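Reading through the structure tokens given below for one structure.
The values are calculated or read from the model by the stated rules, or taken from the named source; none is laboratory data. Please read these numbers as outputs of a predicted model, since none were measured by experiment. We place every Cβ from the backbone using ideal geometry, glycine too, and count neighbours over all the protein chains shown. For the accessible areas, the whole protein counts, side chains as well, though only heavy atoms, and no ligand, DNA or RNA atoms are used. Shrake-Rupley method; radii C 1.70, N 1.55, O 1.52, S 1.80 Å.
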Amino acid sequence: MLNLIAKAKTDTARVKILNTLSSEMVEADTALAHRFANQALAKAEAISYYKGMIEAYYNIAYIYELLYKQPVAERFYLKGITLANERQLINLAANGYQNYAVLLKKQRKFKLALQTNVMGMQLYERLKDTAHLAIIYTNVGNCYSNLNLPQLAVSYHIKSLQISQQRGNNVGITKAYNNIAIVYERNGNFEKALENYRRMLGPAVATGKKNLLAVVNGNIGSAYQNLKQSAKAIPYIAKAIQQQIALGDKARVALNLNNIAAAYNDLHQYKKAYKASLEGIKYAREADDKESLGYAYLTAGTAAAGLQNYKQALVFMDTVQRFAMEMDMVPLKLSYYQQAGNVYKAVGNYKRSLELSEIMGALKDSTYNAEKHEQIAALQEQYESQKKDKQLAQNALADAKNKDLLTRNHRVVIGLIVSILILITIATLVVRNMRLKGEKLKSEKALAAFEAEQDLLNEKLRISGELHDNIGSQLTFIHSSIQNMRGMPDGAQQSGLKETEEIAVNTIRDLRQTVWFINNSSFTPDDFAIRLREYIKPYQLLGSTEIIINNHIPETVSISSAKATHLFRIVQEAINNALKYANAGTIEVKLEAHRSGNITVTIHDDGHGFDTQLSSAGFGLRNMEARAQKAGGVVEITSAVGKGTTVKVNVPG
């Protein structure tokens, strides 16, 4: 290598060789690669060889990226990009934007990664560099996918696909179909995902690359699994496992063993599922893949429960919970809550099963809302970016007019020439301004449409949440109870039937209340009080606790359906807690309105009370707080041992 550098006839040639050596050595020996890059940078700076300096900056940035020193890597990428823009080296600037965006994506800075990719994309489009455009269109699509904007993601993956098809690049075609399928899969359109995974087969075979074929088979199997067609999934996944074992790809072997175990579980072939899960645990450990390890324990726990080895199943589920919490993985958490809930039902611990079901519902709701906020923020950011472009165009127009004033005293011929040039410039700016206005209008319409869709989706979410929280979990409980009673002796069956019958009666009442809230857009205070009195009737008839409803809200006040639903559920939770745990003699519910327009609902009981400093908030109390927040208000809970409990919720009118 040193001889190669020594033989170079010019310093420019030496810089090129050093940069090439740095790029080639980076994976094998980062220290040596770093030395070559620094030498290249020093020589390039000495002779003002800007292209060599920029390439050295990028090489150094990538080395620090591999060493997980992101802030240093970011600094060198920006140095290279700035110099490339200053020297009008468009290709190098585009390359810098592309590589810097990859770093930002690794840091989960998806919005900034999108902006950076778009800057690189615009430069590659100017250069008509289709090879790099195919790559950067993919990167832009991935950013949109990470921002939960699937339609935009698919549109850019299709652009990448079209370029790969034009160039006859079968690897690119395979990857593009894979990316399109992933977007559909993430958004629950499993039919479209399967369709695109199957389209990968032809070009993957044409590449002759065994690793690509293994990925395709695994993905097709996974798509069938998502469609609940486990029997069709198994042959594809089994083929992928064989191919990946031959390739020595332990991480993907672990992933597909988890998938085939899940398929066997769905088909109630628990022995096969258990065996595949244990193999998955082994391969995931060897690959040091914690995510796959978590899912392997999940499928093992499900299989153990299917084999009625409930003790072992709960051991596996506890391990899944630990992995899910450590890695803060929402999908694994949701899977744990569902599968562990099933195990607890099977062993007769219905209370724990119901708790996990409620936690799962709350997590789904919070995840959905977070995704929608990210989508709106991304659209808003696009809109603001276009506003900035328009302002730049207006500033350029103002500058042109100022220059025009300065030329008035020049000679006539020069004045005419300058005037013509200014007219051309103005015409160009006007056309650009019109285009920007059109883009802004489209963005504003997209944002308005998206906000309308968000309102509709939020209302659907509220209704589905009510049905899930108060009806779905109870119906699931009833169904599980009936299944578990099949093998019980007659005495135990009668006891179970009585409990199930009580829950069924409560479910019917809850369903009627939910339908009543959904069917009305708003309520008078009297309507709300009447509904509360109907709710407490059974407790008044059967129990010794007196429940009083006092309504002091004027009839002119209107309560929206959403707020009424949340307030009713808070009252319901507070009354249930007082009856179950407080041994209260009297419970009073007071409805009040204030001059500010706010509505206050106070629920007070004279029961045992509790020490709020010692007791941690249970799920019921957290649920009341969550509902108050959704109604735009706050809830305050005060209690002391022997002095009862007061729940006060205040919401805007």
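Among the trypsin sites (Lys or Arg not before Pro) within segment 218-261, which fall in a DSSP loop and have no more than 13 other Cβ atoms within 10 Å of their own Cβ?
Qualifying residues, ordered by number: LYS228.
Carbon and sulfur together cover what percent of the accessible area of segment 43-118 at a 1.4 Å probe radius?
Using a 1.4 Å probe with all protein chains present, segment 43-118 comes out at 52 percent carbon and sulfur.
If you count only protein heavy atoms with a 1.4 Å probe, what accessible area per residue comes out for segment 274-365, rounded to a whole Å²?
Accessible area per residue: 46 Å².
Show me the GluC sites (Glu not before Pro) within segment 534-571 that DSSP assigns to loop and that have at most 15 other Cβ atoms within 10 Å of their Cβ.
GLU555
At most 12 other Cβ atoms within 10 Å and a DSSP loop assignment: could you name the trypsin sites (Lys or Arg not before Pro) in segment 310-340 that fit?
When the trypsin sites (Lys or Arg not before Pro) of segment 310-340 are filtered for loop state and at most 12 Cβ neighbours within 10 Å, nothing remains.
Using a 1.4 Å probe on the protein heavy atoms only, what accessible surface does ILE548 show? Give it in Å² to the nearest 10.
About 60 Å², ignoring ligands and nucleic acids.
If you count only protein heavy atoms with a 1.4 Å probe, what accessible area per residue comes out for segment 526-653, rounded to a whole Å²?
It amounts to 51 Å² per residue over segment 526-653.
Taking Cα pairs under 8 Å and at least six residues apart, what relative contact order does segment 279-331 come out at, in percent?
So the answer I get is 29 percent.
Would you mind checking the pairs LYS345/LYS563; LYS192/LYS239; LYS51/LYS106; LYS210/LYS290; LYS175/LYS239 and listing those with alpha carbons more than 24 angstrom apart?
Going by Cα-Cα distance, LYS345/LYS563; LYS51/LYS106; LYS210/LYS290 fall outside the 24 Å limit.
On a C-alpha basis, how far is the centre of segment 204-241 from the centre of segment 87-155 in Å? Whole number, if you could?
Each part's Cα centre sits 30 Å from the other's.
Ignoring ligands, DNA and RNA, please state the percent of accessible area on segment 168-265 from carbon and sulfur, probe 1.4 Å.
Here carbon and sulfur together make up 51 percent of the probe-accessible area.
Leaving out ligands, DNA and RNA but keeping every protein chain, what accessible area does LYS275 have, in Å² rounded to the nearest 10, with a 1.4 Å probe?
My reading of the accessible area for LYS275 is about 150 Å².
Sort ARG108, ARG533, ARG285, ARG14 by accessible area with a 1.4 Å probe, largest first.
Sorted descending by solvent-accessible area, the residues read ARG108, ARG285, ARG533, ARG14.
What does the charge add up to near ILE549, with Lys and Arg as +1, Asp and Glu as -1, over the other residues with Cβ less than 12 Å from its Cβ?
Cβ neighbours under 12 Å give a net charge of 0.
Please list GLU326, GLU195 in order of solvent-accessible area, largest first, computed with a 1.4 Å probe with all protein chains present.
GLU326, GLU195
Could you state how much accessible area MET119 has, in square angstrom rounded to the nearest 10, with a 1.4 Å probe and all protein chains kept in place?
Probe radius 1.4 Å; accessible area of MET119 about 80 Å².
Please compute the per residue accessible area over segment 1-126 with all protein chains in place, 1.4 Å probe, rounded to a whole number of Å².
Result: 52 Å² of accessible area for each residue.
Bin by bin, in steps of 10 Å, what percent of the Cα pairs in segment 240-302 do you find, going until the bin that has the longest distance?
Taking all Cα pairs of segment 240-302, the binned fractions are 29, 54, 16, 0 percent.
Enter the mean projected area of the convex hull around the alpha-carbon atoms of segment 549-604, in nm², rounded to one decimal.
Approximately 4.1 nm², given one-decimal rounding.
Would you work out if segment 1-146 is rounded, prolate or oblate? Take a ≥ b ≥ c from the square roots of the eigenvalues of the alpha-carbon gyration tensor; rounded if a/c is under 1.5, else prolate when a/b is larger than b/c, oblate otherwise.
Verdict is prolate for segment 1-146.
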